[in-house]
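This report concerns only the one structure given below.
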Amino acid sequence: MNSLFDPIIELQDLTLTYGAEDQAKPALRSIRLSIEQGEWIAVVGSNGCGKSTLAKVIAGLVRPSGGHMICRAERRPAVQLVFQNPETQMIRDTVYEEVSFGLGHFGAAAENIEPRAMAALRRVGLDGRRHARTAALSGGQKQLLNIASCLALKPAVYVFDESTSMLDPQSRQNVLDVVRELHREGRTIIWITQLLDELAWCDRVIGMEDGAIVFDESKQSFFYGEEVGGERTAPSPCEQLGFVPPFTVQTALLLLASGWNLRPLPVSPEELSKAVSAL
Ligand SMILES: Nc1ncnc2c1ncn2[C@@H]1O[C@H](COP(=O)(O)OP(=O)(O)OP(=O)(O)O)[C@@H](O)[C@H]1O
């Protein structure tokens, strides 16, 4: 029987090789990962390191070549993935048909379909476009519609694969606000991104390189690395993975190097402001 404290998702020595094993190099290598119920994890890594493949395995869209995945979600659907490219997911003619399609497919009661579909469209600001043809939406609007279709289904685990990469700053902020709300409601979030300022709200960072998990710790350890005898050991895991830290972290690093003992180590602008005020 599942205990409340068992991870909602567990990956055990998971490997995945596309195509014939002797011709291709593995896209995922010996992945071991436990994700707790209600956790928000961020997955980062350079192009081609295996993030989308990991997302598809967790969403049950591709079968691993080896190892196991255990999903203990009690809700259905258990996992929903918002793809990086919105065109991949779009299957119906109009905005309303698109957002309500999945609800019908997963057996929502007929009287609940319209309220749930419209609530999801309202959350992403597309309720005024319910009759629009999906083909007439911009790339960013298509992405918002995909996010709405996912929200309408209320899965236990949401996987967002670089879902804000096509959005303008306001829409990106709206989506992040919605995801923060889902997290507060206890949903589990897997957030794949190349935009490191989006790590401000996650509980834990997974760093990937060449199909393997090379980092699995807090966002503070990711951005600030280890401290030995009051000195920071450089480079941080963020820099080792080839990323430039966000402006907030760069500012904090400069202050720390000048002797300002910022605590707790800030990741968001709000945390930086609090840490500076407390000096
Ligand atoms: N359908 C496929 N067939 C063959 N190889 C694939 C397929 N999909 C991905 N790959 C390969 O698997 C590896 C991992 O790809 P994946 O898309 O998971 O990386 P990613 O980290 O999401 O990259 P990006 O940040 O560019 O989206 C890459 O080498 C890629 O070329």
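The values are calculated or read from the model by the stated rules, or taken from the named source; none is laboratory data. Note that this is a predicted model, so its numbers are computed, not measured. Glycine also receives a Cβ, built like all others from the backbone with ideal geometry; neighbour counts cover every protein chain displayed. Side chains included, ligands, DNA and RNA excluded: accessible areas come from the protein's heavy atoms. Shrake-Rupley method; radii C 1.70, N 1.55, O 1.52, S 1.80 Å.
Taken over the range 162-195, the criterion of being buried (at least 22 other Cβ atoms within 10 Å of the Cβ) and modelled with pLDDT of 95 or more is satisfied by T188, I190, W191, I192. Those strands (runs of 3 or more DSSP E) of the range 160-279 in which at least 3 residues are touching a helix residue (DSSP H, G or I) at 6+ places or on another chain (Cβ under 7 Å), considering only elements entirely within it, cover 188-192, 204-209. At least 3 residues being within 16 Å of the ligand (Cβ to nearest atom), closer than 29 Å to R32 by Cβ and open to solvent by less than 40 Å² (accessible area, probe 1.4 Å) is the threshold, and among the helices (runs of 4 or more DSSP H) wholly inside the range 48-129 those reaching it are 51-58.
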